[in-house]
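The values are calculated or read from the model by the stated rules, or taken from the named source; none is laboratory data. All values derive from a computational prediction rather than experimental measurement. A quick note on method: Cβ atoms are made from the backbone with ideal geometry, for glycine too, and the neighbour counts reach across all protein chains shown.
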Amino acid sequence: MTTQHQLLCALQTVRDPELDEPITSLGFVASCTVSAGGDAEVALRLPTYFCAPNFAYLMVADAYDAVSALPGVHSTRILLEDHFAADAINGGVAAHAGFAGTFDGEAVGELHELRTAFLRKAVLAGTDQVCRPLLAAAADPATLLALTIADLPPSAELDRLRQRRAELGLPAGQDAPLLIDPQTGAPVSADALPLHLRRARTTRISIEANGGICRGMLRQRYHLQAPGEEDGS
Amino acid sequence: MYEHDGEKYFVVDGHTHYWNAAPDNWVPGAEQFAKGWIECFHAYMGLGPPETHWPLDKFQKYSEDDLMHDLFDAGHVDVALLQSTYLLEWYKEGFNTTQRNASMAERHPGKFLVNTRWDPRDGDEGLKTLKANVARYGSKGCKLYTAEWNAGSRGWKLTDPAAYRFLDACQELGVKNIHVHKGPTIWPLDKDAFDVSDVDHAATDFPGLNFIVEHVGLPRIEDFCFMATQEPNVYAGLAVVLGGLMHARPRFFAKVMGELLFWVGEDKMLFGSDYAIWEPQWQVEGLAAWQMPDTEEFSDYPRLSTAGKKKIFGLNAARLYDIEVPAEYRLAEPVAGA
């Protein structure tokens, strides 16, 4: 029998592609239940009525895939709540209609390109997370150029960076360079290093500041307890 | 004007609205969008200090007296730019049209500059209206929503050939300040609605125009920064950065300001309260008193000097809009040489 714990674990693998965080830690899972017979039902909520429907669709579709893949789950319902396009998205995902089929006439393509663009941003942001402590300790940023993944101490941030790189088909093995171009996977050159690190930092700030606003809006909308001024940072 | 620590600031609020989003203005059949829109705005207000929050019914439709008080009596604002937002698919008389803004502004000479708008999908009729609005209201700027609905079409780009006709017209008419909404939005559905690459191209092709990217492309600050740093005529509109982060997320506020100061620079950043989402008073007072934190985390960001604050509060916008600034509020040296 599938348990609620398993359901939550499955939902934990679903990320907001824009914020690069699990929907569970963002507070987007309003409820989730699974019956003895294996009927799973998950309610999702977002920070605003007008949150971008493309990202909303991806989260609902990914949640559907993650939950329905659980052994013992026979039926899956993912219900996005309080969103202007909730009916279209819920119905489209349940019918396996794809994004273009869900928004017939309003969208021409699927969302792979969008997802990939945001994964590349996540790689850049993750680069800053991993490099910042190194930069604080290193006298010369150029020393980073010679490092491979294996040279770094293990950390959750490093795992995450490697996972995002692997998802994009970029070098992610132990012998891969720490610094790569998120588009091509080529090692970063000495000339490109300062701009690369600066871009990585700006991208990280952008994603994290956005996450801060989204959390604040969700809190306003659902009158949630404020966990702390700078949670999630 | 605002005085803090013996320094005098001339304040141009680059982003204000005078809207009617009450139920009497909702289009039948589109009520859920009209309601959802204003409630979404109202939640943004919640990111400001609690004592500045309004009840929803006041927020839907505030009075002219409220606005005059909040901007000019309490809010330290000298001149306010009224930005228009039409949303005629959802609001019968529009959300806040050029006409609504202008009829109010006419009763308060010298306080407002009325910006107009255009939509390339309106074609020749739209060009006529633009010319008429400029002749009647003297608009030197316009506000563009590239993601706005229009007769079944859910968005456009500044690089569309139809848009270039309007940009040509703006150049001829002296509408030299193009405010582009690149911030929280919905459409187009299948692309990234915050994409700023169209501004990049238009700014290169129309060097005589200034492009003010409102809300700095939030949540894609990085894309905006990388673009703005290469285009001398692209500016950062700080509405939402201040209102949405300064109180609710002070550390992120400092980091975002640091990024903007680094990439865009204090000569190209413009204050805007986004009234009535947030009142200007706490934002003016907060920014005047604000300093980049002194800890290691912020050590490689540029500092914001008093002169920089003066530019952001009003001198930059005054330059773009040819607003006469009294001598006591100017910098000792010309802004361009600073």
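A compact table of results
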read-out: Flag for A:Ala61 being within 24 Å of A:Arg215 (Cα to Cα), touching a strand residue (DSSP E or B) at 6+ places or on another chain (Cβ under 7 Å) and either in contact (Cβ under 8 Å) with a residue 24 or more places away in the chain or within 14 Å of another protein chain (Cβ to nearest Cβ) (or both); value: no
read-out: Top-ranked residue of the range A:142-197 - restricted to ones that are among the acidic types (Asp, Glu) and part of a helix (DSSP H, G or I), ranked as surrounded by the most Cβ atoms within 10 Å (Cβ to Cβ); value: A:Glu157
read-out: The range A:3-24 - residue that is surrounded by fewer than 20 Cβ atoms within 10 Å (Cβ to Cβ) and touching a residue at least 24 places away in the same chain (Cβ under 8 Å) and, of those, farthest from A:Arg215 (Cα to Cα); value: A:Thr3
read-out: Yes/no for B:Phe313 being crowded, with 18+ Cβ neighbours inside 10 Å, without any contact (Cβ under 8 Å) to a residue 24 or more places away in the chain and part of a helix (DSSP H, G or I); value: no
read-out: Test: residue in the range B:266-277 that is away from every other protein chain (no Cβ under 14 Å) and either at pLDDT below 95 or more than 19 Å from B:Gly308 (Cα to Cα) (or both); value: yes
read-out: Residue check for B:Lys157: among the charged types (D, E, K, R), in a strand (DSSP E or B) and either surrounded by 15 or more Cβ atoms within 10 Å (Cβ to Cβ) or touching a Leu at 6+ places or on another chain (Cβ under 6 Å) (or both); value: no
read-out: Filtered residues of the range A:94-125 (kept if within 11 Å of chain B (Cβ to nearest Cβ) and β-branched (Val, Ile, Thr)); value: A:Thr102, A:Val108
read-out: Residue check for B:His215: surrounded by 24 or more Cβ atoms within 10 Å (Cβ to Cβ), within 12 Å of another protein chain (Cβ to nearest Cβ) and closer than 19 Å to B:Asp13 by Cβ; value: yes
read-out: Residue within the range B:240-258 that is modelled with pLDDT of 95 or more, crowded, with 21+ Cβ neighbours inside 10 Å and more than 12 Å from chain A (Cβ to nearest Cβ) present; value: yes
